[in-house]
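To keep things clear, I will list the structure first and then write my remarks on it.
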Amino acid sequence: MELPDLGKQCSKSECGQLDFLPYTCYHCKKIFCQEHFKLDDHLCPSRQDPSLDIRVPTCPLCEKPIPGSRNEDPNIRVNRHIQNNCVDEEKPSNTCRLKGCKAKLLVPMNCGACGLAYCVKHRLEQDHQCQGRKQLQQQGSSSTRPAHQKLSALAAMKRAGGGLKQQSNNNTASGNANRRQQQQQTGANKQKIQQLQAKANRTALTEQEQIELATLISLEQKNKDTKNCVII
């Protein structure tokens, strides 16, 4: 099955191979297969051009120049750039960190604000448009804010603690008063029971007194059961 619309033929007369991933020479603009895309392999006429060593190839996708060493094949360089999704390669560590500057750093000069190394020409903050000092100021303002918030929170906790302490004291006083009242009531009930039992030994109790005695004895027994109750 023939697919004439897919791929392109190599421009080298001795080859003519159909290549589905052809290379375009950025000097003569002709199409070649993988075996003949290099300048020497297809005898590119631009090899005799004296300005060949200083020309920089351009990416056909992002249209950005792709610099590199003179002894490196530009097609390989462009292909690597495209495979890297047209992202610029990381700058060498021994060059000025300012974008566009290629000065070599024989003696690196680190900026005190951003910490990056620059050449003599771009060593000052205003020369490399430093953003480090602004970031330090923003970090400083954001770090002081939590300190104020912590102080406010501590003050609120102290106020809340004082209120809880006062409430606890009030609850304790109220509980002591209820306990005393309960003890007084228990003592009065015991005294009333003794009186009714003594009267019952002497004479018969009225129906109302019998009901009262039974109620008091029941309350007394209930209080005893509550005291003896153990919660597990």
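Miscellaneous remarks
- Residue match in segment 128-141 (condition: outside the structural domain of D40 (by TED's automatic domain parsing), in contact with a strand residue (DSSP E or B) (Cβ under 8 Å, 6 or more places away or on another chain), at pLDDT 75 or above and over 29 Å from S46 (Cα atoms)): yes
- Close pairs from segment 114-125: first more than 12 Å from C96 (Cα to Cα), partner of a type in the set (D, E, K, R), Cβ under 9 Å, at least 6 apart: C114/R97; C114/E125; C114/R133; E125/R133
Here's the yes/no breakdown for (1) closer than 22 Å to Q9 by Cα; (2) outside any helix (DSSP H, G or I); (3) among the aliphatic types (A, V, I, L, M); (4) at pLDDT 80 or above:
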position: L39; (1), (2), (3), (4): yes, yes, yes, no
position: L43; (1), (2), (3), (4): yes, yes, yes, yes
position: R47; (1), (2), (3), (4): no, no, no, no
position: D53; (1), (2), (3), (4): no, no, no, no
position: C62; (1), (2), (3), (4): no, yes, no, no
position: P67; (1), (2), (3), (4): no, yes, no, no
position: N71; (1), (2), (3), (4): no, yes, no, no
position: R77; (1), (2), (3), (4): no, no, no, no
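- Tabulated pairs, segment 55-66, first within 15 Å of N84 (Cβ to Cβ), second among the polar types (S, T, N, Q) and outside any strand (DSSP E or B), C-beta under 9 angstrom, 6+ apart or interchain: P57/N75
The values are calculated or read from the model by the stated rules, or taken from the named source; none is laboratory data. A quick note: this is a predicted structure, and the numbers were derived from the prediction, not measured. Cβ coordinates were reconstructed from backbone atoms using ideal geometry, including for glycine residues, and neighbour counts include every protein chain displayed.
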